[in-house]
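Take a look at the structure below.
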Amino acid sequence: MALEFIKHEDDKAYERAALFAKLPELVKTYDERAAEVERLEEELRIAKDYFNEVSMQQIPEIVHAAGLSELRLEDGRKITVKESFSAKIKDESRQEFFTFLEDREETDIIKLHMAFTKMPDVRRKQLIEFLTGYEYDFEMKEDVHYQTLQAYMSRLLGFNLEEDERKEIIDAEKDVPFEKKSILRKVDVEDFCEIFTFFTTKIKDTKKKSAL
């Protein structure tokens, strides 16, 4: 029995030694792959930056210089340049934005987030039924989800409309009370909201589509 135990321990030691012998090579592979990932991520970052420069600046500048928003190349591909935007509520003007929504009766886009301190399960359930019935400290945050904000501002500023149609509505509503206007200008919301406009480019191969 003792000899068998010693042999078993020797076998386990041999297996461990064999595994540890592989470790230096695996560590080397780890370092090589980590360096490769870092290199590829940097290449991807540079490629994305250049792609954005071409699609959001260089191509739109050429298309707009011709007074167009879309054109077709000789090879049949269609280039479409579209104005887009990103909206962000200023942290220091968040309450002003909520007041703005109240005046327009559009507070339904606001989400309410509340965080409570620990409490027994029974009390938690009672609190849900009648929040103010118990003196527990809680934090409350009102916010508008990013995608909801983008959709709201797109409609409010008329980014979903053609430029001529947008201007026509703004002119037609010049005597309408501010809180009742259906379309506003960027300057009307700049006190509480940062609007970043940019252009996007789409290129479609219409020849391939027509051949199908």
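Pairs please, first residue from region 154-182 and at positive phi, second anywhere and in a loop (DSSP other than H, G, I, E, B), Cβ atoms under 6 Å, 6+ apart in sequence or on different chains.
Listed by first residue and then by second, the contacts come to Gly158/Ile183.
Within the group Leu23, Leu73, Leu101, which residue is under 26 Å from Leu184 (Cα atoms) and without any contact (Cβ under 8 Å) to a residue 40 or more places away in the chain?
On the way: Leu23 fails: under 26 Å from Leu184 (Cα atoms); Leu73 fails: under 26 Å from Leu184 (Cα atoms).
Selected residue: Leu101, the only one of Leu23, Leu73, Leu101 that is under 26 Å from Leu184 (Cα atoms) and without any contact (Cβ under 8 Å) to a residue 40 or more places away in the chain.
Does region 67-114 hold any residues that are of a type in the set (S, T, N, Q) and in a helix (DSSP H, G or I), and which are they?
Step one: of region 67-114, the residues of a type in the set (S, T, N, Q) are 69, 80, 84, 86, 93, 95, 99, 107.
If the condition is that a residue be of a type in the set (S, T, N, Q) and in a helix (DSSP H, G or I), then Ser93, Gln95, Thr99, Thr107 are the ones that fit.
State yes or no: is Ser55 within 21 Å of the chain's Cα centre (by Cα), surrounded by 10 or more Cβ atoms within 10 Å (Cβ to Cβ) and modelled with pLDDT under 90? Step through it out loud before you land on a result.
Values: within 21 Å of the chain's Cα centre (by Cα): yes; surrounded by 10 or more Cβ atoms within 10 Å (Cβ to Cβ): yes; modelled with pLDDT under 90: no.
No: the conditions fail for Ser55.
Can you name every residue in region 145-198 that is in a loop (DSSP other than H, G, I, E, B), of a type in the set (A, V, I, L, M, F, W, C) and at pLDDT 90 or above?
If we filter region 145-198 for residues that are in a loop (DSSP other than H, G, I, E, B), which is where we start, we get 145, 157-162, 173-177, 181-185, 190-192.
Going one step further and asking which of them are of a type in the set (A, V, I, L, M, F, W, C), we end up with 157, 159, 161, 176, 183-184, 192.
Within region 145-198, Leu157, Val176, Ile183, Leu184, Phe192 qualify.
Taking the criterion of being under 23 Å from Leu149 (Cα atoms), loosely packed, with under 10 Cβ neighbours inside 10 Å and not acidic (Asp, Glu), would at least one residue in region 94-113 satisfy it?
So the first thing to find is which residues in region 94-113 are under 23 Å from Leu149 (Cα atoms), and the list is 94-113.
From what's left, loosely packed, with under 10 Cβ neighbours inside 10 Å: 105, 108, 112-113.
After this cut, where a residue has to be not acidic (Asp, Glu) as well, the list is 112-113.
Yes: one or more hits.
Of the numbered conditions (1) among the basic types (Lys, Arg); (2) modelled with pLDDT of 90 or more; (3) loosely packed, with under 10 Cβ neighbours inside 10 Å, Arg45 fails exactly one; give the number of that condition.
So Arg45 meets the others, but not (3).
Somewhere in region 112-120, is a residue at pLDDT below 75 and polar (S, T, N, Q)?
Checked against the condition, which is being at pLDDT below 75 and polar (S, T, N, Q), region 112-120 yields at least one hit.
Conditions first: (1) farther than 15 Å from Glu194 by Cα; (2) in a strand (DSSP E or B). Lys118 passes all but one, so which condition is the exception?
The failed condition is (2).
Do we find that Glu36 is in the same structural domain as Asp143 (by TED's automatic domain parsing) and either exposed (fewer than 13 other Cβ atoms within 10 Å of the Cβ) or modelled with pLDDT of 95 or more (or both) in this structure?
Numbers: in the same structural domain as Asp143 (by TED's automatic domain parsing): no; either exposed (fewer than 13 other Cβ atoms within 10 Å of the Cβ) or modelled with pLDDT of 95 or more (or both): yes.
When the stated conditions are applied, Glu36 does not pass them.
Can you find a residue that is of a type outside the set (S, T, N, Q), within 24 Å of the chain's Cα centre (by Cα) and over 27 Å from Arg72 (Cβ atoms) anywhere in region 160-175?
Step one: of region 160-175, the residues of a type outside the set (S, T, N, Q) are 161-175.
Now narrow it down to the ones that are within 24 Å of the chain's Cα centre (by Cα): 161.
Remaining after also requiring over 27 Å from Arg72 (Cβ atoms): none.
No, region 160-175 has no match at all.
The values are calculated or read from the model by the stated rules, or taken from the named source; none is laboratory data. All of these numbers come straight from a predicted model, not from anything done at the bench. Virtual Cβ from ideal backbone geometry, glycine too; neighbours counted across all protein chains shown.
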